[in-house]
Structure formats: C-alpha cells, structure tokens
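The values are calculated or read from the model by the stated rules, or taken from the named source; none is laboratory data. Computed from a predicted model, the values in this text were never measured in an experiment. Cβ atoms come from the backbone with ideal geometry, glycine included; neighbour counts cover every protein chain shown. When the accessible area is computed, the model is the full protein with side chains, heavy atoms only, and any ligands, DNA or RNA have been set aside. Shrake-Rupley method; radii C 1.70, N 1.55, O 1.52, S 1.80 Å.
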Amino acid sequence: MNCKSRHGRTAPFGASVLALLIALSGHSFAQAPAGRGGPPPPPLTPKQMAPEDLTGYWVSIVTEDWRFRMVTPAKGDYASVPLSPEGRRVANTWDPDKDVAAGQQCKSYGAPGLMRVPGRLHITWEDDKTLKVETDAGKQTRIFHFGAEAPESEKPSLQGYSVASWDGPPPGRGAPRGPLRAGSLKVVTTHLLPGYLRKNGVPYSANTVLTEYYSRTNETDGSSWLFITTIVDDPMYLAQRFITSTNFKLEPNGNKWMPMACEAK
C-alpha cells in the first residue's frame, strides 16, 4: 500500500508508520516525569546501621570468676583455661617484678584479657565508621574499624588491629532504609603483641586471633546491660578456644570514671 507525499510522490506505507512511531516515541520521552531513574541513595554508614546503641559509660558486674578477676591469682592457678603444655610452661615462668622492670606492667591489659579486668568502659563513635572503646582500668583505648582490613604496614600492638561489623539478619526485600532490626557487634582482632589472659601470667601469643560479640539488652526495670562474648584462638599456648562472657551495666554518666595505671600484680 502506498500514500502520496506533499510533493505528489508515492511513499511506502512502512516508512510512514516508522516516522509516526518515532514521533510518538519522542513525545512520550518528553512527557516522562523528572527524577525517575536517578542515582540510588548512598549506602548507610555503620553508625546509621547500628541495631543497638552501644555508646555510654558501662561498669563491669563481676558475677563469675571472682577469684581470677578481683584479685591476682597465685602463680600456677590456671583453672578453666585450656592451656597447652607449652602454655603451661610459659605461665610457670611468670615474674611480675621482671615485667615491671622491663616496662611491661600492662601485659594483662591487652585486648584478649582487657574486658575481663574489672572497671569501666566508655564507648563512643570516633566517626561514622569507627568505634572507640576506652577503659579506666589501665587507661587503654581500643579502636574498631568498620570495613577496613589491617594495612600491610600494621605493626603488632597491645590492642592489635580490630575489624568490626554488624552481625545480624539482613533487612528483608523492600524494607525501608534504616538500622538493622536486630544483631550484635562482631569484632575480630589480630596483630597483637604477646600478653596475659590473666594477671598471673596466663599467656597468649602474637598468633592469637580474638573474636568478640557485643550485645545490648534493655530490661523492664529500666536498666541496660552489655554482654561481651570473647573467643580467644591461640594455637601456640591454648589446646582449644578459650571462651568467656562478661557483663556490664549502663551508668547514667561518667561521674564514676576513674582512670588508673596498669598494675602487674
């Protein structure tokens, strides 16, 4: 089928249809609402994703292992710690006076043993991707890095290098942007200097990998609690994982915060 052009020539019908489709297509694009198909919103920061607020001042509540935590255990008292034969041998060489003389009185305040030291924590956000945990006992500071692996140049230290993540179920499909509905803070620490799991010389080595889980609960009486599960993996000095759970209670402010230097015994 042909049709007449305005110059009197005959044009194929298919060409006329194609021109009409192009014209309609251009009209529809011109009428498309603005803003659709734009760039997605930026991802939430770890601070925005937090399923619970861990910040504040927390005091340790010692309800178990009292004789290992509130006082310095006697040399040779390693009950409940799964030491390997080499770990036991090294523990038996503990000499606190020698540690003090070498300027190593903080060896029991390293990350694998620090949460077990009675005292207070002060937890704050240093920035949107970094949590800071300070202790008044031993005046130590730990830094938890979200989404950042340890750099190759990282040197071993008392608190090591800690990589943090929120451990919990992902939001459902179509869920609104916002904090995770549930979960806990997972922290994995490496690059540690050798130190003590307990003040009486129970050792951990530089090969130690420390994994922790921080969870907050809010009770009906208005109190809030922080539970820290600590898992110590040390193939050199431990025969198996050493697992502990430590409890802290939220305080209204920092009026009782009392920084104190490390003690070797």
| said: If packing is taken as the average count of other Cβ atoms within 10 Å, what order do 251-261, 87-97 fall into, highest mean first? | reply: 87-97, 251-261
| remark: At 4 °C and 1.567 mPa s, the Stokes-Einstein diffusion coefficient in µm²/s for the range 163-265, with hydrodynamic radius from the Kirkwood sum on alpha carbon pairs, is 77
| query | With each label point set 7 Å from Cα along the Cα-Cβ vector, what nm distance links V209 and W66? | reply | 3.7
| Cα centroid of the range 192-259 to Cα centroid of the range 73-111, whole Å | 18
| Over the range 173-265, relative contact order from alpha-carbon pairs under 8 Å, at least 6 apart, % | 21
| Linear extension gain, N92 paired with S245, 0.36 nm per residue minus alpha-carbon span | 52.5 nm
| field | Packing-based order for 116-126, 40-50, using average beta carbon neighbours within 10 Å, highest first | value | 116-126, 40-50
| Here are some pairs, K107/K265; K132/K186; K186/K265; K132/K265; K139/K199; which of them have Cα atoms lying more than 19 Å apart in this structure? | K186/K265; K132/K265
| said: Quick check: at a probe of 1.4 Å, how many percent of the accessible area of the range 69-111 sits on carbon and sulfur atoms? | reply: 53
| query | Under 5 Å between amide H atoms, partner at least 5 residues away or on a different chain: which partners does Y204 have, H built in plane at 1.01 Å? | reply | G195, Y196, L197
| field | Cβ-derived FRET efficiency at R0 22 Å, A150 paired with E263, nearest 0.05 | value | 0.15
| said: Quick check: residue separation of I231 and Q48 times 0.36 nm, minus the Cα distance between them. What number comes out in nm? | reply: 63.2 nm
